[in-house]
Amino acid sequence: MTIDPDTAKLGRTPGLDEEHFAHDGLITKHPVRAVALAALRPMPGQTLWDLGTGAGSVAVEWCRTDPTCTAVGVERRADRAANARTNAENLTAPGQFTVIDHDLTEGLPDGLPTPDAVFIGGGATAELVDACLARLPQDGRIVVHGVTMEAETLVVDLSGRLGGELMRFSVENADHIGRLRGWKPARTVVAWSWVKG
């Protein structure tokens, strides 16, 4: 875990290593996060919804791109919401990143600000995506990532229905195999991104 709310130590470029975050192991890995941020395209003064925020790593990276960017993370698990709050305190300016405890299977929480972009990093459903699309303004962006077959089915359907960009990618890291080294693959990620209008 690192303390760098003003970005003076680690800079503003997305893709911070996981060691800088409080997390339980379930965190959007830094190369995948960098791809997500490229599709989300944070701009000064804009707001992100990070739904199923987990450790809040995508929201943190969004906020770090510009001091006027804000994010709202929604998380159903109290332990993960606590990690996200710790990361907000340690890695963003005060008030930039707010975490709401809420189960998204019950719908979107009341009182969310209008988003300029939405990220769903896991647990996406057609109902949740449709609710987000209804709240996105013109030129708003949505990015959905998943690693399950159900998520892949969902994003393929979204792409067929709405267009946008659909991709599947994997990352492999060097790892030890006995006294030698080889490539260890991470789970393959499916990603769908779309711009309203």
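The values are calculated or read from the model by the stated rules, or taken from the named source; none is laboratory data. Not measured: the values here are computed from a predicted model. Cβ sites come from the backbone with ideal geometry, for glycine too, and all protein chains shown count toward neighbours. The protein model used for the area step is the full one, side chains on, heavy atoms only, and it has no ligands, DNA or RNA in it. Shrake-Rupley method; radii C 1.70, N 1.55, O 1.52, S 1.80 Å.
Below, the figures for the structure above:
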read-out	value
Test: residue in segment 101-115 that is out of contact with any strand residue (DSSP E or B) (no Cβ under 6 Å at 6 or more places or on another chain), part of a loop (DSSP other than H, G, I, E, B) and under 24 Å from Lys29 (Cα atoms)	yes
Count - residues of segment 8-22 that are farther than 21 Å from Pro42 by Cα and either in contact with a Lys or Arg (Cβ under 8 Å, 6 or more places away or on another chain) or free of Cβ contacts under 8 Å to residues at least 24 places away in the same chain (or both)	1
When residues of segment 162-197 are limited to those that are assigned to a loop (DSSP other than H, G, I, E, B) and touching a Ser or Thr at 6+ places or on another chain (Cβ under 6 Å), the one surrounded by the most Cβ atoms within 10 Å (Cβ to Cβ)	Gly164
Qualifying residues in segment 128-144 (those that are part of a loop (DSSP other than H, G, I, E, B) and under 18 Å from the mean Cα position of the chain (by Cα)) - the one farthest from Gly111 (Cα to Cα)	Gly140
For Val147: the one exception among (1) surrounded by 12 or more Cβ atoms within 10 Å (Cβ to Cβ); (2) over 19 Å from the mean Cα position of the chain (by Cα)	(2)
For Ala59: the one exception among (1) touching an Asp or Glu at 6+ places or on another chain (Cβ under 7 Å); (2) open to solvent by 40 Å² or more (accessible area, probe 1.4 Å)	(2)
Enumeration of residues in segment 11-37 that are basic (Lys, Arg) and surrounded by fewer than 18 Cβ atoms within 10 Å (Cβ to Cβ)	Arg12, Lys29
Verdict on Leu40 being in contact with a Phe, Trp or Tyr (Cβ under 8 Å, 6 or more places away or on another chain), open to solvent by less than 30 Å² (accessible area, probe 1.4 Å) and more than 27 Å from Glu172 (Cβ to Cβ)	no
In segment 92-140, the residues that are under 17 Å from Gly54 (Cα atoms) and buried (at least 22 other Cβ atoms within 10 Å of the Cβ)	Thr92, Phe97, Val99, Val118, Phe119, Ile120, Gly121, Ala124
